[in-house]
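Asker: Here it is: the structure, laid out below.
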Amino acid sequence: MKLVTKPMSVAVRKEVDVVVCGGGPAGIGAAIAAARNGAQVALIEDRAFLGGNITACYVESCNYFLHGHPFDVSGIYKEIELDYRDQFGSSDDIRTDFDPHRFSSEYLKIYLDSKVEKEGIWLRLHSKVVDVLMEEGQVKGVIIASKAGLELISAKVVIDCTGDGDVAASAGVPFEQGAKRTVWCSPARSTSASPGWTAPRSRRSWIGKAWSTSTRSTGRRLPKG
Ligand SMILES: Cc1cc2nc3c(=O)[nH]c(=O)nc-3n(C[C@H](O)[C@H](O)[C@H](O)COP(=O)(O)OP(=O)(O)OC[C@H]3O[C@@H](n4cnc5c(N)ncnc54)[C@H](O)[C@@H]3O)c2cc1C
């Protein structure tokens, strides 16, 4: 591949104690915990909303843990679930076909925005961590890309909650991708078929394979067509 070098400087957008990269469940928990321990916290999220795969991929039934299942859930997750339920109730008015106790992704996005604001966390959406600033072998900040261009968020502590280890990879940490030998990642699974969409015949074979692999235990079937 041909390479070019472009000398450039990056504006220091924010200096904080802790920068959390990725606004999914892990990042939200980390950011709130850090803020409650007195740290000035920045939360950086690539998408237009918080919640990670819960809101982006409609993993709404993840909150079934609190409803008759033998899991002992506590801490910030439990607090969010109960607080959300007080404000928005259950979501069976929107989709009646699954567990009525689930979150609604759209309401959860609204809830999480106000939650992190209340916790005093500085949030940047539409901002992707694309690089790190290293000094003497330590990560001293992250470079984010947004419509504002490249900016540095410098921090005493950098927490990687990107789900993909983007910060660690940028810092040069060795990694493997996907399953051993095949390098396959998880397939798109049920989100590609569940909203009543009928796949074209040419694509049914691989969708069917992914569907049956991931939902074998539920007994659900691909729609006919
Ligand atoms: C289809 C599907 C079904 C699932 N079903 C269940 C289930 O039934 N029950 C259950 O408990 N779990 C389920 N899961 C798993 C669950 O969603 C994940 O375990 C959980 O979301 C992981 O949280 P996380 O915060 O680590 O990562 P994620 O949810 O992936 O969040 C990572 C966040 O980081 C952001 N990000 C990534 N890279 C960057 C970057 N470079 N810069 C800035 N931001 C970045 C992403 O946009 C995302 O918002 C399912 C997942 C999928 C995809």
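The values are calculated or read from the model by the stated rules, or taken from the named source; none is laboratory data. What you see is a predicted model, and the numbers here were worked out from it, not measured in a lab. Cβ: placed from backbone, ideal geometry, glycine included. Neighbour counts: every protein chain shown.
Asker: Return yes when F71 is within 11 Å of the ligand (Cβ to nearest atom), in the same structural domain as T162 (by TED's automatic domain parsing), outside any helix (DSSP H, G or I) and modelled with pLDDT under 95 and no when it is not. Don't jump to the end; show me each part of the working.
Answerer: Numbers: within 11 Å of the ligand (Cβ to nearest atom): yes; in the same structural domain as T162 (by TED's automatic domain parsing): yes; outside any helix (DSSP H, G or I): yes; modelled with pLDDT under 95: yes.
Here the answer is yes, as F71 does meet what is asked.
Asker: Kindly indicate the residue of the range 109-158 that is of a type in the set (A, V, I, L, M, F, W, C) and in a helix (DSSP H, G or I) and also nearest to the chain's Cα centre (by Cα) among those meeting that condition. Let's see the steps before the verdict.
Answerer: From the range 109-158, those of a type in the set (A, V, I, L, M, F, W, C) are 110, 112, 116, 121-123, 125, 129-130, 132-134, 139, 142-145, 148, 150, 152-153, 155, 157-158; that's our starting set.
Keeping just the survivors that are in a helix (DSSP H, G or I) gives 110, 112, 116.
Details: I110: 15, L112: 12, V116: 15 Å.
Per the criteria, the residue is L112.
Asker: Identify all residues within the range 13-41 that are under 30 Å from A56 (Cβ atoms), out of contact with any Ser or Thr (no Cβ under 6 Å at 6 or more places or on another chain) and away from the ligand (no atom under 16 Å from the Cβ); write none if there are none. Talk me through it step by step, then tell me what you get.
Answerer: As a first pass, look at the range 13-41 and keep what is under 30 Å from A56 (Cβ atoms): 13-37, 39-41.
Those still in the list that are out of contact with any Ser or Thr (no Cβ under 6 Å at 6 or more places or on another chain) too: 13-14, 16-20, 23-37, 39-41.
Of everything in the range 13-41, those that are under 30 Å from A56 (Cβ atoms), out of contact with any Ser or Thr (no Cβ under 6 Å at 6 or more places or on another chain) and away from the ligand (no atom under 16 Å from the Cβ) turn out to be D17, A35, R36, N37, A39, Q40.
Asker: Quick check on the range 157-171: of everything there that is hydrophobic (A, V, I, L, M, F, W, C) and touching an Asp or Glu at 6+ places or on another chain (Cβ under 8 Å), which residue is farthest from V18 (Cα to Cα)? Give the steps one after another, and end with the answer.
Answerer: Narrowing the range 157-171 to residues hydrophobic (A, V, I, L, M, F, W, C): 157-159, 161, 167-169, 171.
Okay, now just the ones that are also touching an Asp or Glu at 6+ places or on another chain (Cβ under 8 Å), so 157, 167-168.
Values: V157: 5, V167: 14, A168: 16 Å.
Looking at the filtered set, the residue picked out is A168.
Asker: When you check S154 against the structure, is it away from the ligand (no atom under 14 Å from the Cβ), among the polar types (S, T, N, Q), under 13 Å from C21 (Cα atoms) and modelled with pLDDT of 95 or more, yes or no? Walk me through it before giving the result.
Answerer: On the way: away from the ligand (no atom under 14 Å from the Cβ): yes; among the polar types (S, T, N, Q): yes; under 13 Å from C21 (Cα atoms): yes; modelled with pLDDT of 95 or more: yes.
Yes: the conditions hold for S154.
Asker: Identify all residues within the range 30-57 that are at pLDDT 95 or above, of a type outside the set (A, V, I, L, M, F, W, C) and over 15 Å from V157 (Cβ atoms); write none if there are none.
Answerer: Within the range 30-57, E45, D46, R47, G51, G52 qualify.
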